[in-house]
Amino acid sequence: MGKLVNLKKYKEQHKKPEKSVFFFKAHPKISAGLLFALAVAIVFFYNAIIANPVDTRGAFKPISTTLADGSLIVDIQANDDDAFIFRGKINGAPVKFLFDAMANTIAIPDKIATHLRLERGGLHDVQTLHGETLGYRTTLDSLNIGAISLAQIPATISTELEGDTILLGIVALDALTLTIENHTMHLSIGKRR
């Protein structure tokens, strides 16, 4: 005759392991830590690369000064190529500007305009450092350079501009006083109201 087996003991010995939401059943704290680190990495990647396609590394941060009379001065240093590439904001989103003395507008690459959800208006001629092109009219709710904030600024969405740098034309800065000396651009605006 066969051997008598304790059914309860047999089931315990041959029980299938329980499925776990963790990678390592023996170390759920390690698994939870790995999952948390992975979630943080995904959020960082999304915010740094996907959500904001503008890479502001290498762009100078403007330095703002408020004078005793309430007027603002923003200083921007030129890079090694004597170009003024600096950080700013359009409609609250961080962007990278290149000052373009030849541009008659603010020329925004199509990719950046899409990210900023800018509305496209009619087509018009645009003059930039790269020559004449066509672009769509748009209006920026806000434009910030350091502590200077401008509202309802006309701009152009350019389908021919590539990259993540916005060309900031001198004509677009007509509300500001601009001077350049010793590789520094000074933007100033009168008393704050």
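Below, the figures for the structure above:
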read-out	value
Counted charge near Pro62, where neighbours are those whose Cβ lies closer than 10 Å (Asp, Glu -1; Lys, Arg +1)	+1
Relative exposure of Phe99, Phe60, judged by other C-beta atoms within 10 Å (fewest first)	Phe60, Phe99
Pairwise centroid distance, computed over Cα atoms, of the stretch 123-193 with the stretch 69-91, Å	12 Å
Contact order normalised by residue count of the stretch 63-189, Cα under 8 Å, 6+ apart, percent	32 percent
Sorted peptide list for 108-120, 65-77, criterion being average Cβ within 10 angstrom, highest first	108-120, 65-77
Cα-projected label distance for Ile180 with Thr139, points at 7 Å along beta-carbon direction, nm	3.1 nm
Gained length - Glu12 relative to Gln127, 0.36 nm times residue gap less alpha-carbon distance	33.4 nm
Cα-projected label distance for Ala101 with Thr159, points at 7 Å along beta-carbon direction, nm	3.2 nm
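Read-outs: derived from the displayed coordinates by stated rules, not from any lab. From a predicted model like this one, the values you see are computed outputs, not experimental measurements. Here Cβ is always computed from backbone atoms with ideal geometry, including for glycine, and neighbour counts include all displayed protein chains.
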